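Before any comments, here is the structure.
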There are 2 protein chains.
Amino acid sequence: MAQPKKAASIWDVARLAGVSHQTVSRVVNGSPRVAAATRDKVLEAIAELGYRPNRLARSLAGGAIESVTVLAADTSLYGPEAALRGIEKAARSLDWSVQISVLDPADTHSDADIVARLPRAGEPTIIMAHDEPGMRAKQVLLDTQPQAMVAIGPYTAEELAASPWLVGMDDGKAAAEATRYLLDLGHETVHHLAIPTSTGTFGGGKAHRAEGWSRTLREAGREVPEAVPSGWTFAEAFKAVQPLIADRSVTAILCGNDHLALATLRAAHLAGREVPGDLSIVGFDNTPFTAYTTPALTTVNQDFESVGRGAFELLRHRVDSTNPRPKPSWPEPELIVRETSGPPRSRS
Amino acid sequence: MAQPKKAASIWDVARLAGVSHQTVSRVVNGSPRVAAATRDKVLEAIAELGYRPNRLARSLAGGAIESVTVLAADTSLYGPEAALRGIEKAARSLDWSVQISVLDPADTHSDADIVARLPRAGEPTIIMAHDEPGMRAKQVLLDTQPQAMVAIGPYTAEELAASPWLVGMDDGKAAAEATRYLLDLGHETVHHLAIPTSTGTFGGGKAHRAEGWSRTLREAGREVPEAVPSGWTFAEAFKAVQPLIADRSVTAILCGNDHLALATLRAAHLAGREVPGDLSIVGFDNTPFTAYTTPALTTVNQDFESVGRGAFELLRHRVDSTNPRPKPSWPEPELIVRETSGPPRSRS
DNA sequence: ATAACCAAAGTGATCGTTAACATCACTCGG
DNA sequence: CCGAGTGATGTTAACGATCACTTTGGTTAT
């Protein structure tokens, strides 16, 4: 019925069931110290009134927090989007609520500004720290309320093991694998179109994808070309990649993510360079569209949803250490070979 | 400072400033009935303690709600993602918080289950009602708490004007425009690969994209082919579109969204049909990747972020009618002609 | 001079819930 | 038959804020 009548409170239930409000609370929270008959009476009253506990009051009264705030800068990328989905699913299955707050790099955020996004001080928070605004937010929260924070981002296995507040995949290793694959195909060297966070050191983080790439080249005794820095958007990538496309000696490009790879593919096509004949392109993340481009993109699959779930579990552990600390156990990154990679055309 | 000390409350501020907690409340809420000197003392104390009002306590005490819950089934599509961003921006600028809850069609949701997602009864809610789970949630909430709900989805101008809780774009009109464009290019008729909500009537909603398409064909006196139903994923679309690709008499396909269009493009390529020579393909939504596929997709641009903003404004009006009712005033859908559309090859 | 008025600040109730403690009726061992 | 222990409830006090009153002085009108 569409009546905007006020929601029933624990007192209404208590009155109807003929018990004290505290007894209702016990029933709702599954305390064992309630007689079966009383419990039934209460449950009946709850059903009749359609009573649902008020989350706000519950946490106000010192109960569990049961709410996570996710801070993210760019939810249009597949990675953050999938991780958010993972967090939400994990959270919902435990009846936590998820708040989201988008960090707009356009706003000039003071540090206080970032903290102010949390609905309450000390609010449990997960940060998508794969880009500059995210890294910055991570740092701010790390200084302010470290115990209630978890960051998701690209880190090496050692970093992940050392930091009790990090969750992520080993991007360096994945990049190494992709680079290795291209070298094995016979490419002299591999060039790299890098996402912003990979070009420098942000918030103390290292350039993991770029690092794995250059390390592999070095280990193979190859020349390590300068990484080409790109922005996050298709347009920026398209512009940034032009020199690599124009340079006929470039036979393989490892791209920092699939958006950059698609822009590279487009640029190659417009410049008349055949893919993978003239040029091999490998992306990163296995964004859904990659399987349906023409040619279909070779890329590295990442199980972001698992990472999101892992982040949530870790957060629960950190907020309340009676919860088990999850071991980082999502699937390893996996190279998916499709149609944009192949051996270089032999120079005859 | 990494001290996990408890957050300051209004009482702590009051004690430090040497006033009552109510006076602090007045300062915080900008009441004019406070002496300048007192206000300064309080502000100083606030700054010193780093005090931030507790949202939970605030809304518990009967203050404004200042929180929206967004219900969405699929946040991986560009439309919902962009709309969510619009909502979040609008909400944050007014200091509201945004909760998100993903409707997983895999879970069998009872109606009560949907209501239970709201953190409190009567919680202001925005529903992304462009797909089946969304439509269903819309219906459930419409029956339960209509006054605190707004739905975003595809509706005709008349529907939008008639329903005080609807926000959306005129998909039918946009589809008509795209169809008209293809006919004007010289195509005999236009086929339609339809998103799930367009194939039937869901929750009382009509099949707007399909409807605009068929109406235009009818008005032009053309044969109206059966619309081909597809699922939301690339894989489903790829499979569903095969008969259209195989049929050489098909020269133009209007796709229900850009994902379907990309899958169609891929299928056409694999079948050796040239685009746009043999086949014109038009998508829907102007998802960012569409400008960078090869060939680049012709599509219909939609300003989802504005729609999201509009939904939030409308919600504010409905929750508290002293807020102005926003007029639906986002930009009209706009056809973006790129490379997948052209005149049919003349049959000589 | 006194009532009336007003701005500024304080007091106490309230929101819905949980935590801590108090109470009460039994049962049981000695 | 008494005191201790226990299981099932009730009572009271937070939690952090707002709201509706009340109090306190100082002006102003009569």
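Quick notes on this one:
- Residue match in the range B:303-310 (condition: of a type in the set (D, E, K, R) and in a loop (DSSP other than H, G, I, E, B)): yes
- Check on B:Gly277, at positive phi and more than 14 Å from every other protein chain (Cβ to nearest Cβ): no
- Flag for A:Val24 being within 12 Å of DNA strand C (Cβ to nearest atom) and either over 21 Å from B:Arg120 (Cα atoms) or surrounded by 18 or more Cβ atoms within 10 Å (Cβ to Cβ) (or both): yes
- Scanning the range B:160-190 for residues being not small (Gly, Ala, Ser) and not in a helix (DSSP H, G or I) gives a total of 11.
- Applying the condition of being assigned to a helix (DSSP H, G or I) and away from chain A (no Cβ under 12 Å) to the range B:141-159 and asking which residue is farthest from the chain's Cα centre (by Cα) yields B:Glu158.
- A:Leu56 falls short on exactly one of the conditions (1) touching a residue at least 40 places away in the same chain (Cβ under 8 Å); (2) buried (at least 17 other Cβ atoms within 10 Å of the Cβ), and that condition is (1).
- The condition (being more than 16 Å from DNA strand D (Cβ to nearest atom) and more than 30 Å from B:Val13 (Cβ to Cβ)) is satisfied by just one residue among B:Ser110, B:Ser93: B:Ser110.
- Among the candidates B:Leu265, B:Leu314, the residue that is away from chain A (no Cβ under 14 Å), in contact with a Pro (Cβ under 8 Å, 6 or more places away or on another chain) and part of a helix (DSSP H, G or I) is uniquely B:Leu314.
Every residue, every condition in (1) of a type in the set (Asp, Glu); (2) outside any strand (DSSP E or B); (3) more than 16 Å from DNA strand C (Cβ to nearest atom), yes or no:
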{"position": "B:Glu44", "(1), (2), (3)": "yes, yes, no"}
{"position": "B:Arg52", "(1), (2), (3)": "no, yes, yes"}
{"position": "B:Gly62", "(1), (2), (3)": "no, yes, no"}
{"position": "B:Ile65", "(1), (2), (3)": "no, yes, no"}
{"position": "B:Gly79", "(1), (2), (3)": "no, yes, yes"}
{"position": "B:Glu88", "(1), (2), (3)": "yes, yes, yes"}
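- When B:Arg136, B:Arg92 are checked against the criterion of being surrounded by fewer than 21 Cβ atoms within 10 Å (Cβ to Cβ) and facing chain A (nearest Cβ under 8 Å), B:Arg92 stands alone in meeting it.
- With respect to the conditions (1) of a type outside the set (A, V, I, L, M, F, W, C); (2) within 12 Å of chain A (Cβ to nearest Cβ); (3) in a loop (DSSP other than H, G, I, E, B), B:Asn323 lacks only one, and its number is (2).
- Long-range neighbours under 8 Å by Cβ, at least six apart or interchain, first residue farther than 24 Å from B:Ala129 by Cβ within the range B:59-76, second within 15 Å of DNA strand C (Cβ to nearest atom) and in a loop (DSSP other than H, G, I, E, B): B:Ser59/B:Ile65; B:Ser59/B:Glu66; B:Leu60/A:Asn54
- Number of positions in the range B:290-311 that are at pLDDT 95 or above and of a type in the set (Phe, Trp, Tyr): 1
- Residue in the range B:265-276 that is surrounded by fewer than 19 Cβ atoms within 10 Å (Cβ to Cβ), among the charged types (D, E, K, R) and in contact with a strand residue (DSSP E or B) (Cβ under 9 Å, 6 or more places away or on another chain) present: no
- Scan of the range A:27-42 for residues that are surrounded by 12 or more Cβ atoms within 10 Å (Cβ to Cβ) and more than 10 Å from DNA strand C (Cβ to nearest atom), ordered by number: A:Val34, A:Thr38, A:Arg39, A:Asp40, A:Lys41, A:Val42
- Total residues in the range A:10-51 satisfying the condition of being touching a residue at least 12 places away in the same chain (Cβ under 8 Å), within 41 Å of the chain's Cα centre (by Cα) and either within 12 Å of DNA strand D (Cβ to nearest atom) or more than 14 Å from every other protein chain (Cβ to nearest Cβ) (or both): the figure is 5.
- Note on the range A:107-130: residues that are more than 10 Å from chain B (Cβ to nearest Cβ) and either free of Cβ contacts under 8 Å to residues at least 40 places away in the same chain or outside any loop (DSSP other than H, G, I, E, B) (or both) total 10.
The values are calculated or read from the model by the stated rules, or taken from the named source; none is laboratory data. Computed from a prediction, not measured in an experiment: that's the story for all the values here. All Cβ positions, even for glycine, are placed from backbone atoms using ideal geometry, and neighbour counts span all protein chains on display.
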